[in-house]
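Notes follow once the structure below has been shown.
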Amino acid sequence: MKEKKIDRFFLIIVSLLFTIGISMFVSASLGILAKNEKLFYSVLFSQLVLGLGLGLLGMYFCLKIDYKFWRKYSFLIFLGSILLTASVFVPYLGWTHGGAQRWIQLGNFSFQPVEILKFGFIIYFAAWLSWVKNRVQDFRFGILPFAIMLAIIAIILLKQPDIKSFILITVTGISMLFISGVPVKYILGIGMGTLFVLGSLAFFTPYLQERVKTFINPSTDPRGSSYQIQQSLIALGSGGILGRGFGQSIQKFGYIPEPQGDSIFAVLGEEFGFVGAGVTIFLFLLFTLRGFRIANNSPNLFSRLLVSGIVILITAQSFMHIASNIGVFPLTGVPLPFMSHGGTSLMIYLVAMGIVLNVSKFQKKLIT
């Protein structure tokens, strides 16, 4: 198929998201500067140089690499991401923080390999589903391989524990199965099975029980388990219609936990108000709709599933973060794509955008 120009509208949406994201990250991180100047410059370097700088470079190269490359090496990418994520349990390599063992420490540099696993899974699962084609409706070629992959991922992620990433991968995989034509009864079955597993974990895990209780009654323990959601709601409420102004958030200075990470949307709402929060949500909606249009006009099944998986993952993660900040979903600690602290995740998101933009050059018809 003849190569066309990239989807510029999608590129504009992505550019707006990471521009807003970097601005909000710098503003939200001022709370760190007030406590620890050295840490402030460290996280700034991680986000701007490693995340944005290398991410934009990776996006450019992936835009130039034919998307078929990812199908050719999909298994090796997935296997490598599995081994890398499991290596957090290797002594002197894995790093534990806040009771979770999710990081790899290399000198002064640390990163979460699960961000690579998310996209490694999408690439391989898209390749698998496009290979089996119509046989995906057969349990042996559709649901069973997915269940095996999910079980391997669950063993690694639930031990860390990193339940939020497991949920995101599961939702993305189920959505890809649906797009590829798997019967709804199978999808409902695996969905119910996943809910049973998560429900059992919540029942037997004290900190998950606290989060469920907090979600049901946010005022149950305002100085303990409900503190973060209470402070997030205060930040959003104090922003009003137009907000306090860029950099003027009060809650980020020692009140709201993780203002540059888990709670960055609350800081955005405080500084830019209902209008700013609404514009951000609208941009994510545009991202989703435009991404699906690119997927729908992709030249083949692999590229359609690849783009769909990337868009679904980022959309699900975005709205999970926003929903948990406004109290309509339990607190998960999931970062907001393109905005929250995490140089590795920002780099991977931008690389994924390069893949989507490359696919957009081979659309069956021009999108305007």
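The values are calculated or read from the model by the stated rules, or taken from the named source; none is laboratory data. Because the structure is predicted, anything quoted here is derived from the model rather than measured. Because the Cβ atoms are built from the backbone with ideal geometry, glycine has one as well, and the counts that use them run over all protein chains shown. The accessibility values were calculated without ligands, DNA or RNA, using every heavy atom of the protein model including side chains. Shrake-Rupley method; radii C 1.70, N 1.55, O 1.52, S 1.80 Å.
Quick notes on this structure:
- 3J(HN,Hα) along segment 238-252: 6, x, x, 7, 10, x, 7, x, 4, x, 9, 4, 8, 5, 6 Hz, from the Karplus curve 6.51 cos²θ - 1.76 cosθ + 1.60 with θ = phi - 60°, whole Hz, x for Gly and Pro.
- Distance from the Cα centroid of segment 230-272 to that of segment 328-356 is 19 Å (rounded to whole angstrom).
- Amide H within-cut-off set for Trp103, under 5 Å, with H built and near neighbours excluded: Trp95
- Sorted on the mean count of surrounding Cβ atoms within 10 Å across their residues, most packed first, peptides 270-278, 191-199 read 270-278, 191-199.
- Signed unit charges on C-beta, dipole axis of the chain, positive-most listed residue Val356, Gly173, Leu17: Val356
- Here segment 7-93 is treated as an ellipsoid with the same Cα gyration tensor; its semi-axes, largest first and in whole Å, are 30, 24, 9.
- When only alpha carbons are used to place a centre, segment 282-326 and segment 7-26 end up 15 Å from one another.
- Here the Karplus curve 6.51 cos²θ - 1.76 cosθ + 1.60, taken at θ = phi - 60°, turns the phi angles of segment 45-59 into couplings of 4, 4, 6, 7, 8, 6, x, 6, x, 5, x, 5, 5, x, 4 Hz, with x standing for Gly and Pro.
- Surface per residue (accessible, 1.4 Å probe) for the chain, Å²: 46 Å²
- Around the Cα centre of segment 1-86, unit charges on the Cβ atoms of Lys, Arg, Asp and Glu (plus for the first two, minus for the last two) sum to a dipole of about 340 debye.
- Within segment 82-115, chymotrypsin sites (Phe, Trp or Tyr not before Pro) in DSSP loop having at most 14 other beta-carbon neighbours inside 10 Å: Tyr92
- Aspartates and glutamates whose Cα lies under 19 Å from that of Lys4, excluding same-chain neighbours fewer than 8 positions away: Asp66
- Helical content of the chain, expressed as a calculated mean residue ellipticity at 222 nm, amounts to -21500 deg cm²/dmol (DSSP H runs of 4 or more residues, -39,500 (n - 2.57) each, divided by residue number, nearest 500).
- Cross-link pairs Lys35/Lys118; Lys164/Lys185; Lys133/Lys159; Lys133/Lys364; Lys159/Lys185 - those with Cα-Cα distance over 28 Å: Lys35/Lys118; Lys133/Lys159; Lys159/Lys185
- Which label in (i) 61, 54, 44; (ii) 69, 54, 40; (iii) 54, 48, 41 gives the computed Cα extents along the principal axes in Å: (iii)
- The chain - percent of accessible surface contributed by carbon and sulfur, probe 1.4 Å: 68 percent
- Using Cβ point charges alone (K and R +1, D and E -1), the dipole size of segment 250-334 about the Cα centre works out to roughly 420 debye.
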